[in-house]
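We did not get these values from a lab; they are worked out from the coordinates using the rules stated. Note that this is a predicted model, so its numbers are computed, not measured. Glycine also receives a Cβ, built like all others from the backbone with ideal geometry; neighbour counts cover every protein chain displayed.
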Amino acid sequence: MFTRSGISAALVLSLLAPAALSAQSPADRGVLLFANGGGNSAVTDLNDAGTASLGTGWTAGGGIGWQFNPYVAVRGTFDFARAEGDGPANAFTGQQLNQYFYGGDVQLRYPTASGFAPYLLLGAGAVTIDNADDAAFESFTKLAGKSGLGVEYALPNSHLGLFAQAASYVYQFDRNGFDKTQADVLYTAGLSYRLAY
């Protein structure tokens, strides 16, 4: 009886040990660095009539964070985006607006055995907007909420990862005759690196 129990326990432990060791992998906990680039698009117009908007532009950014375990990370992020004003009722038509998004988010991940980890982003921060083509434009900063979805692939036997994501920033654009909630989506791809703790 004891022998059977001992053998059964040994078998169970031998099956669980690799999973436990994998769960304690150095890459699952520590400092997280990442950089990304891609495009940005405004989901909403600057006015209700739809005659003023920001066009599709480009974006680049990155950040640093802390990976608590395979499922949760807290990150500080910065993204620069540039888009051109568009529309007949837009004082910025043809002008390049610079947007600086900065803040923090929580990354909730679901790692799989294939190396892919889909994730959800929830966070907040601020956006600063200026106009490089108009010296009279006064830059302004507004609070912004952030949410997003993405997927990361962990390169085998490496602390490197490749990821693609779409993140939305929501804020109030209340300058130059506009006063509307603005939502911008940044769709990017990038590279991450985890420093073992």
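The magnitude of the dipole of region 138-197, with charges of +1 and -1 set on the Cβ of Lys/Arg and Asp/Glu and taken from the Cα centre, is near 120 debye. Legend: P(r) of region 29-196 from all alpha carbon pair distances, 5 Å bins from 0, whole percents, reading 2, 9, 17, 22, 16, 12, 9, 7, 5, 2, 0. Separation of region 67-128 and region 47-66, taken as the distance between their Cα centroids, equals 9 angstrom.
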